[in-house]
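The values are calculated or read from the model by the stated rules, or taken from the named source; none is laboratory data. A quick note: this is a predicted structure, and the numbers were derived from the prediction, not measured. Note that we place each Cβ from the backbone using ideal geometry, even for glycine, and neighbour counts take in every protein chain shown.
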Amino acid sequence: MKKNASFAMIMLLLLALFVGCGSTALKNKTNNDDGNPQEEDSIITVGFSQLGAESDWRNANTRSMQASFAADDNYALLYKNGQQKQTNQITAIRMFIQQGVDYIVLAPVTESGWDSVLGEARDAGIPVILVDRRVDVTDKNLYSCWVGSDFELEGKKMAAWIKSYTESIGMVPEDLHIVNIQGTIGSTAQIGRTRGLANAARENGWDLMEEITGDFTETKGREVMAALLKRFDNINIVYCENDNEAMGAIDAIEAAGLKAGPNIKNGDIMVVSFDGVNIEALEYAKQGKISCIAECNPMHGPRVKALIDTLVSGQTPDKFNYVDEKVFSSISRVKKIQVDGVTYDIDLLED
Amino acid sequence: MKKQNEKTSIFNRLSDTNLLLTITIVIFFLMYLGAIIFQGGGFTKPQMLFNILNSNAALIITSCGLSIVMITGGIDISVGGVVALVSMCCAVYLDYHDGSILGSILIALGIGLLYGLVQGFLVAVLDIQPFIVSLAGMFFARGMTTIVNTAPFNVEDPEFTALKDTRIIIPGMGSYTRKGIYVPAYVEIGVIVALIIVILLFMVLRFTKLGRSFYAVGGNKQSALMLGINVRRTKFLSHLICSVLAGIAGYVYFLHVGSGSASHAMGMEMNAIASSIIGGTMLTGGVGNIIGTLFGVMSLCTIQAIVSSAGLDDAWWTGITIAAMLCIFLLIQSVVMAQKKKK
């Protein structure tokens, strides 16, 4: 009797295991997420290897991709989160190849080390579209095209805004004591934004006191800013390479009994940052805690989809595709900035 | 008379091992079959299985080492740290010091050997709890990795990348893509290394005196002593083998990822323990089998692959399924063992 009971128990557990597998497969089919090519030959399957979910910007980027492909019945998107590890992304791409996807979209976590896996994709005849960061491969034909932001232009825009604003309140360049809380060292965004500021500081004679990484996170931004405030007592501009760092830095500034704001002459510390995706950060910008945000547009989905449409129709798209980006501020003193001969309007944020 | 009794009890344990092994293998095949039926697509291609092997060759090696320590009734949670330390040291040596491949392999083996000697000494001679010893070992390895180099980086040494991209093509197992392009099936060098180690250890455990003494020490230390087995030496050797294997696994991991990073192999020791348990090794010692461990790793990784290919890719989904699977395995094991005892 007892024996039968335990036998039944095992069977039940095994059943549970398979029902578990079965139901997920079923759910997939209704979502058109299934990678099975035999059943849905007309549907174009796109494998998307996202590098992680580390920031609000990244999550908005993922949602944009998912929304763009979900809207069209001809497409199915397979999404894989790499959790910040290149190994996971390489495993994901290999799985896409085995599942027989038609296109691979890759948002790489680092720039190097992609030659062999992208070679495998090419051998299987699957075009690869890069999103956001770029890859450093010996053969540029390993990917079809790239969609993303011009990070150096973002940095240049921000530097131009700082220049116009400080000139408008009558400050001399030598009085600008700037610290740069950088992003993850080696990422394309960090390299471009750091270069934008460093070049401008050299040209204008600003006092760029320190460049130190905040890893694109709020906690690290807070930590780094607190340490910087202890080291220097004359910081008046904090250049954060994303919004999460800026929010952390503002926390640290307020905890030290100082004020984050644009009135540098009255002892405020001015915080500027990048992205413009996080609602809270935009709220901070309206209140003037963050003086200026250079947008980094995460809405890559429609652009990627358009590129795949181009590839499907047999045409060759442009190799590098930049998305349009704005500059947000609640300070009305600066209306326009000029970078490399192009004029950009400032989008005024109001309460 | 007493001696006779002990012998039969050890024999009993060994057949428990075989029973658990059978359960593991059957469940693995059922699961893979389930994946083929319900998920289709990728799982019908042999390369899917080879990809699982390619990405987890290092886990197979560490799990084998852990199984041996667990069979003797010990534990070693430093293996993940050792893997990270080995890959970072080799990466720095190859790229910053212009090192050779042979030199980097020696570094990997050296780190493993050193770890084994120290941990084995602390556990076997000084009689400190293996958990505490290897916990300290884990922290030390992780800390040292960051001291050696903080930032993660990819190795660009041409000889190494050539070795990293070496593929062993398996004839007749390739498949055609949707566009009709033939893609050959392959495994990486690491897989071959892992399989050789599995076979070697299987032989050692099955056919040598040392192998039998591992089971004896884990089954009952007192009786093992009475049987004339050197318990200290056996324990020491189990830790030595485990750490050297962790060193080899570190190199295999390094060969797969081609980079050094402080966050490499995070939680690998836990996956290795889970794989050993799924493979039928008991934490209490005396029961276990290397072939079972191999299937334990494969089951764990297949579950991960199934979860991932079903599109449930958030980290917690994998965690939850592995937890559920461990529970089911442990339940089945204890129920089956209870049944057997009654007979």
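Within the stretch A:77-116, the residues that satisfy the criterion of being without any contact (Cβ under 8 Å) to a residue 60 or more places away in the chain, under 17 Å from B:ALA185 (Cα atoms) and within 7 Å of chain B (Cβ to nearest Cβ) are A:THR91, A:ARG94, A:MET95, A:GLN98, A:SER116.
The stretch B:216-308 holds helices (runs of 4 or more DSSP H) entirely within its bounds, and those carrying 3 or more residues that are farther than 28 Å from B:SER334 by Cβ and within 14 Å of another protein chain (Cβ to nearest Cβ) map to B:231-257.
Would you point out the residue of the stretch A:309-327, among those that are within 16 Å of the chain's Cα centre (by Cα) and not in a loop (DSSP other than H, G, I, E, B), that is surrounded by the most Cβ atoms within 10 Å (Cβ to Cβ)?
Let us first name the residues in the stretch A:309-327 that are within 16 Å of the chain's Cα centre (by Cα), namely A:321-326.
With not in a loop (DSSP other than H, G, I, E, B) added as a condition, the list becomes A:321-322.
On the way: A:ASN321: 16, A:TYR322: 14.
Going through the qualifying residues, I end up with A:ASN321.
Residue check: is B:ILE75 more than 14 Å from every other protein chain (Cβ to nearest Cβ), without any contact (Cβ under 8 Å) to a residue 12 or more places away in the chain and either at positive phi or not in a helix (DSSP H, G or I) (or both)? Judged against the criteria, B:ILE75 is not a match.
Just one of A:THR91, A:THR30 is within 27 Å of B:CYS301 (Cα to Cα), modelled with pLDDT of 55 or more and not aromatic (Phe, Trp, Tyr); which is it?
Numbers: A:THR30 fails: modelled with pLDDT of 55 or more.
On inspection, the qualifying residue turns out to be A:THR91.
Against the criterion of being part of a helix (DSSP H, G or I) and not polar (S, T, N, Q), B:ILE199 qualifies.
Name every residue in the stretch B:99-113 that is surrounded by fewer than 18 Cβ atoms within 10 Å (Cβ to Cβ) and in contact (Cβ under 8 Å) with a residue 40 or more places away in the chain, in order of residue number. Quick ask: steps written out before the conclusion?
So the first thing to find is which residues in the stretch B:99-113 are surrounded by fewer than 18 Cβ atoms within 10 Å (Cβ to Cβ), and the list is B:100-103, B:105-106, B:109-110, B:113.
If the condition is that a residue be surrounded by fewer than 18 Cβ atoms within 10 Å (Cβ to Cβ) and in contact (Cβ under 8 Å) with a residue 40 or more places away in the chain, then B:SER100, B:ILE101, B:ILE105, B:LEU109, B:GLY110, B:LEU113 are the ones that fit.
Only one entry of B:LEU49, B:LEU59, B:LEU20 meets the criterion of being at pLDDT below 80, under 20 Å from the mean Cα position of the chain (by Cα) and within 14 Å of chain A (Cβ to nearest Cβ), and that entry is B:LEU20. Take the residues in the stretch B:147-181 that are modelled with pLDDT of 80 or more, polar (S, T, N, Q) and part of a loop (DSSP other than H, G, I, E, B), then tell me which one is nearest to B:ALA91 (Cα to Cα). In this case the residue turns out to be B:ASN149. Please indicate, with yes or no, whether at least one residue in the stretch A:222-234 is of a type in the set (Phe, Trp, Tyr) and surrounded by fewer than 16 Cβ atoms within 10 Å (Cβ to Cβ). Among the residues of the stretch A:222-234, at least one is of a type in the set (Phe, Trp, Tyr) and surrounded by fewer than 16 Cβ atoms within 10 Å (Cβ to Cβ), which makes the answer yes.
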